[in-house]
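**Student:** The following block contains the structure, expressed as structure tokens.
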Amino acid sequence: MKRIFFTFAAIALTVTAMAQGFDNLPTPDEDPNKVVDNTPDSIGKALSARPAPGSTRNGSNPVLYLVGNSTMRNGTLGNGNNGQWGWGYYFNKYFNAHKISVENQALGGMSTRTFYTDLWPAVRDALKPGDWVIVSIGHNDGGEYFERRRARAVIPGVDPDTMVIGLNQRTQRQDTVYSYGTYLRMYINDVRAKGAHPILMSLTPRDAYDQKTGLIVRKPQTEWAAYIAAVEGVPFVDLNEISGAKLDSYSPWKEKYHFMGDHIHTSKFGAEMNALSAAEGLWQSNNPQLKPLQAMMQNVEPDVWKVNRQDGKPVLFFTGDSTVKNADKDDDGMWGWASQAQTVFDESKITLCNAGRAGRSTRTFIREGLWDKVYNSLQPGDFVTIQFGHNDISPITDRKARGTIPGTQDTLHVYHMDDDSYETVYSFGWYLKKMIDDVREKGATPILVSLTPRNEWPDGKVERRDNTYGKWYREVVEQTGVEFIDVHNISGDFLDKKFAVKKLPDDKEKAKAKIADIKKKAGVYFKQDHTHASKLGAQMNAQSFAKGLKDAGSELAKYLKK
């Protein structure tokens, strides 16, 4: 027996009320779940940014369609211009483009119901046998059933016999609202009718903690979707749990930066995490229905450094720019000091791994996945040196896009890059704190290392950058309590002792000539320019690092040569 509820308040409508389409939505209000949807996208604009359903198909290859809301595709263009990203933007990296194309058909502001009525028909029409459809939607399913602004609510639960009938003020039509589970069944039936394969996923987690457990709240839609998947024989991935467990393992500071602007929409970090969680859920599933899709997947296993781990021996990872790792092969070329770490460390006690990369700043080292490779490799008891700054002073929006915001406050800004993309950029100190926090999360020890000195001699003494990067390093030390080795000043003291003069000549030309002479003599420790070290200079900086460890009484010092 169907239980039908007529909502007379919903049927009543004044004659002055006008139909409202999705292309002129007003400024969003806080919904009953205390969530503000920041992306009330225009369907018209979105259609020009979202691919036409099926348009990415490569020959006879299948298409993987993504059905969701702003947590899957954020903003009208989905390009991060508001600092928020949906995980669908990053999902294609886990699939071989020569075998399958991934189409993110999600749209901000959609509910399970409104996606089905407004956007699903075009996707359904594009489906072909062998295609795949992931349905992960439900964040916007609350509110009123027939109100003028959205009319997107669904009935909670999975009851197939429950419905509400009324006049939809948005569409000016009589409408019937079903349960969450019923809408999921509609998607499943439609997909199967076209010979395609449906997959249900639970929702992304919110930035909300359960007061009793202290853990991230798990969404009730998870149980509903899991039930429908089981009853209908459809593969189910618990994205809510996979990502929720990751957030639970993070520090409170780290958990927060996975969200942007509110408690539901994700930053780039959060979107990438959810995309990986979704891929892991598919990849690790034992459901035989997913084997054909798994055969088209790639890059799911974490990228790690291949180090020769031995019992009882920790690994020391060096991170940084070209002053840490350079060409490191020509005796008369440029060298990074970590290439000479074996001159000061006893390799029978500790394994050395130089993970530095020339030309990188804190920002690009993280953005390019170089930091993740170190993070994925860490085990309890390891050590990580963190030394950046030479390239962080670069322009923020140019082609290399490696500059950072000066300072150490937790500041950020969304920049419109020269290549017309958008990127959220943080402060120099924020990136350092992220690395420090990540290392500690893994039970390893972070060690902050100041810049190597440059072959610059103002006033006849080697340049000291203690009022900028030196100051910021020390602020990060104060904020985090991280161990700090001041190679900049240790090496600087060594160079001053060998080459500095107490006073330059009063005559400007003679003073200039004297500085040039000092630079020439000190040049034995540098190569080609004022920043990069010769092999001898790299050995000097390695020795400075060792001296700093001993002076600080560092735990790492016990692995130095006697």
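**Student:** Kindly indicate whether any position in the range 504-514 is touching a Pro at 6+ places or on another chain (Cβ under 7 Å), open to solvent by 30 Å² or more (accessible area, probe 1.4 Å) and not in a strand (DSSP E or B).
**Tutor:** yes
**Student:** Considering only residues that are within 12 Å of the chain's Cα centre (by Cα), in contact (Cβ under 8 Å) with a residue 40 or more places away in the chain and either open to solvent by 50 Å² or more (accessible area, probe 1.4 Å) or closer than 15 Å to ASP438 by Cβ (or both), which ones fall in the range 232-269?
**Tutor:** LYS254, GLU255, TYR257, HIS258, LYS268
**Student:** I'd like the residue in the range 335-362 that is among the β-branched types (Val, Ile, Thr) and over 30 Å from VAL425 (Cβ atoms) and, out of all such residues, is least open to solvent (accessible area, probe 1.4 Å).
**Tutor:** ILE350
**Student:** When only residues in the range 446-478 that are basic (Lys, Arg), within 19 Å of GLY548 (Cα to Cα) and assigned to a loop (DSSP other than H, G, I, E, B) count, which is least open to solvent (accessible area, probe 1.4 Å)?
**Tutor:** My answer is ARG465.
**Student:** While we're on this one: Evaluate the range 395-408: report whether one residue or more is open to solvent by 40 Å² or more (accessible area, probe 1.4 Å), among the hydrophobic types (A, V, I, L, M, F, W, C) and part of a strand (DSSP E or B).
**Tutor:** Looking for residues that are open to solvent by 40 Å² or more (accessible area, probe 1.4 Å), among the hydrophobic types (A, V, I, L, M, F, W, C) and part of a strand (DSSP E or B), one finds none in the range 395-408, hence no.
**Student:** To continue, here is another question. Write out, first by first residue and then by second, each pair whose Cβ atoms fall under 7 Å of each other, whose residues are 6+ apart or on separate chains, and whose first residue, in the range 138-150, is within 20 Å of VAL67 (Cβ to Cβ) while the second is among the hydroxyl-bearing types (Ser, Thr, Tyr) and buried (at least 17 other Cβ atoms within 10 Å of the Cβ).
**Tutor:** Filtered contacts from the range 138-150: GLY138/THR112; GLY138/TYR180; HIS139/THR71; ASN140/SER111; ASP141/SER111; ASP141/THR112; ASP141/TYR180.
**Student:** Related question: How do the pairs read when you match residues in the range 75-102 that are farther than 17 Å from GLU423 by Cβ with residues anywhere that are surrounded by fewer than 20 Cβ atoms within 10 Å (Cβ to Cβ) and among the aromatic types (Phe, Trp, Tyr), using Cβ under 8 Å and keeping only pairs 6 or more apart or on different chains?
**Tutor:** Between residues of the range 75-102 that are farther than 17 Å from GLU423 by Cβ and residues that are surrounded by fewer than 20 Cβ atoms within 10 Å (Cβ to Cβ) and among the aromatic types (Phe, Trp, Tyr), the close pairs are TYR94/TRP283.
**Student:** Do we have SER277 as under 18 Å from SER70 (Cα atoms), small (Gly, Ala, Ser), in contact (Cβ under 8 Å) with a residue 24 or more places away in the chain and open to solvent by less than 70 Å² (accessible area, probe 1.4 Å) here?
**Tutor:** yes
**Student:** Turning to a different aspect of this structure: Just give me the residues in the range 63-79 being open to solvent by 30 Å² or more (accessible area, probe 1.4 Å) and out of contact with any helix residue (DSSP H, G or I) (no Cβ under 6 Å at 6 or more places or on another chain), in sequence order.
**Tutor:** Of everything in the range 63-79, just one residue is open to solvent by 30 Å² or more (accessible area, probe 1.4 Å) and out of contact with any helix residue (DSSP H, G or I) (no Cβ under 6 Å at 6 or more places or on another chain), namely ASN79.
**Student:** Test each condition in (1) open to solvent by 10 Å² or more (accessible area, probe 1.4 Å); (2) at pLDDT 95 or above; (3) among the charged types (D, E, K, R) for ASP438 and report the one that comes out false.
**Tutor:** Result: ASP438 passes all but (1).
**Student:** Now for a separate question. Within the range 299-325, how many residues turn out to be in contact (Cβ under 8 Å) with a residue 40 or more places away in the chain, open to solvent by 70 Å² or more (accessible area, probe 1.4 Å) and under 25 Å from the mean Cα position of the chain (by Cα)?
**Tutor:** So the answer is 3.
**Student:** Name the residue, out of GLY481, GLY443, that is over 24 Å from ALA538 (Cα atoms), of a type in the set (Gly, Ala, Ser), touching a Pro at 6+ places or on another chain (Cβ under 7 Å) and surrounded by fewer than 21 Cβ atoms within 10 Å (Cβ to Cβ).
**Tutor:** GLY443
Yes/no matrix, rows are residues, columns are (1) aliphatic (A, V, I, L, M); (2) in contact with a Gly (Cβ under 8 Å, 6 or more places away or on another chain):
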site: TYR94; (1), (2): no, no
site: ARG113; (1), (2): no, no
site: THR117; (1), (2): no, no
site: VAL133; (1), (2): yes, no
site: ILE137; (1), (2): yes, yes
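**Student:** Now a separate question. Going by the conditions given, is ILE490 open to solvent by less than 10 Å² (accessible area, probe 1.4 Å), without any contact (Cβ under 8 Å) to a residue 60 or more places away in the chain and either part of a helix (DSSP H, G or I) or more than 30 Å from ALA516 (Cα to Cα) (or both)?
**Tutor:** no
**Student:** Let me ask something additional. Tell me which residues, restricted to the range 80-129, are in a loop (DSSP other than H, G, I, E, B), open to solvent by less than 10 Å² (accessible area, probe 1.4 Å) and of a type in the set (A, V, I, L, M, F, W, C).
**Tutor:** ILE100, ALA106, LEU107, MET110, LEU127
**Student:** Out of GLY261, GLY281, which single residue is out of contact with any Lys or Arg (no Cβ under 9 Å at 6 or more places or on another chain) and not in a helix (DSSP H, G or I)?
**Tutor:** GLY261
**Student:** Pairs needed: first member in the range 528-548, over 15 Å from HIS488 (Cβ atoms) and in contact (Cβ under 8 Å) with a residue 12 or more places away in the chain; second member anywhere, open to solvent by 10 Å² or more (accessible area, probe 1.4 Å) and basic (Lys, Arg); C-beta distance under 8 Å; at least 6 residues apart or different chains.
**Tutor:** If the second residue must be open to solvent by 10 Å² or more (accessible area, probe 1.4 Å) and basic (Lys, Arg), the pairs left are SER534/LYS527.
**Student:** Okay, moving on. Quick check on my filter: what residues within the range 189-231 are over 22 Å from ASP159 (Cα atoms), open to solvent by less than 20 Å² (accessible area, probe 1.4 Å) and within 21 Å of the chain's Cα centre (by Cα)?
**Tutor:** Matches in the range 189-231: THR204, PRO205, ASP207, ILE216.
The values are calculated or read from the model by the stated rules, or taken from the named source; none is laboratory data. As the structure is a prediction and not an experimental result, all values here were calculated from the model. FYI the Cβ positions are ideal-geometry reconstructions off the backbone, even for glycines, and counts take in every protein chain you see. Protein only, heavy atoms only, side chains kept; ligands, DNA and RNA dropped before computing areas. Shrake-Rupley method; radii C 1.70, N 1.55, O 1.52, S 1.80 Å.
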